[in-house]
Amino acid sequence: MRRRNPIVQLLLIAVACALGLGSRRFGRLLPGLVAAYAGDTLWALAAFLGFGLILPRAQIRTVAAMAMAASVAVELSQLYHAPWIEAIRRTTLGGLILGFDFVWSDLACYAVGVGLGVMGESLWDLASGWRDRPGRPT
């Protein structure tokens, strides 16, 4: 079974995070649609890559399901406003990870972000010939 390269995964996570932060910081310079949705889309892509890093031999669909479940859980947690979690959200890292307000469109962004991860990894597998090797799990 193929194993994801942890260095590549870390580099891709760093790129996704940098682009996501950049889309927030420089949103005024980007087209409206990109500025509004790139951050959440890249957040989910980083989650996909993170689960791939943690589970280097897991199937793509397993990593995708875990990333989507985590993304939806974080979004649903934004409906909860207890003082302790609001204190976490007020920190820079807490706000970036947990977000602030539940928004339905974020769920679509998460699906797109995870879908980009699935598509990218699937294309990488095809390009590297991994799918054509005997004994590959389906």
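The values are calculated or read from the model by the stated rules, or taken from the named source; none is laboratory data. Keep in mind that what you see is a predicted model, and the values were worked out from it rather than measured. Here Cβ is always computed from backbone atoms with ideal geometry, including for glycine, and neighbour counts include all displayed protein chains. Quick note on the areas: whole protein, heavy atoms, side chains included, nothing else; ligands and nucleic acids left out. Shrake-Rupley method; radii C 1.70, N 1.55, O 1.52, S 1.80 Å.
Odds and ends about this structure:
- Computed from Cα positions, the angle between helix 60-77 and the longest principal axis of the chain comes to roughly 10 degrees.
- Separation in nanometres of the label points that stand 7 Å from Cα toward Cβ, at Ile97 and Leu79: 2.3
- Ordering Leu33, Gly94, Pro56 by Cα displacement along the dipole of the stretch 6-138 toward the positive end leaves Pro56 in first place; charges were set at the Cβ atoms of Lys, Arg (+1) and Asp, Glu (-1).
- Translational D in µm²/s for the stretch 1-132 (Stokes-Einstein at 25 °C, 0.890 mPa s, Kirkwood Rh from C-alpha pairs): 158
- Chymotrypsin sites (Phe, Trp or Tyr not before Pro), loop per DSSP, at most 15 other Cβ atoms within 10 Å - longest free stretch of the chain: 27-79
- Counting only protein heavy atoms and a probe of 1.4 Å, the accessible surface of the chain is 73% carbon and sulfur.
- In the elastic network of the chain, a GNM with C-alpha springs shorter than 10 Å, the most mobile of Asp106, Asp40, Asp125 is Asp125.
- Seen from Gln78, the other residues with C-beta closer than 12 Å to its C-beta sum to a net charge of -4, counting Lys and Arg as +1 and Asp and Glu as -1.
- Expected 222 nm ellipticity per residue - DSSP helices of 4 or more, -39500 (n - 2.57), all of the chain, to 500: -24000 deg cm²/dmol
- Angle between the chain longest axis and helix 104-128 axis [Cα atoms, degrees, rounded to 10]: 20
- Put a dot 7 Å past the Cα of Leu116, heading toward its Cβ, do the same for Ile88, and the two dots end up 2.5 nm apart.
- Local net charge near Tyr110, Cβ-Cβ under 9 Å (Lys/Arg +1, Asp/Glu -1): -3
- Between helix 32-54 and the chain: long-axis angle, C-alpha atoms, 0 to 90°, nearest 10: 50
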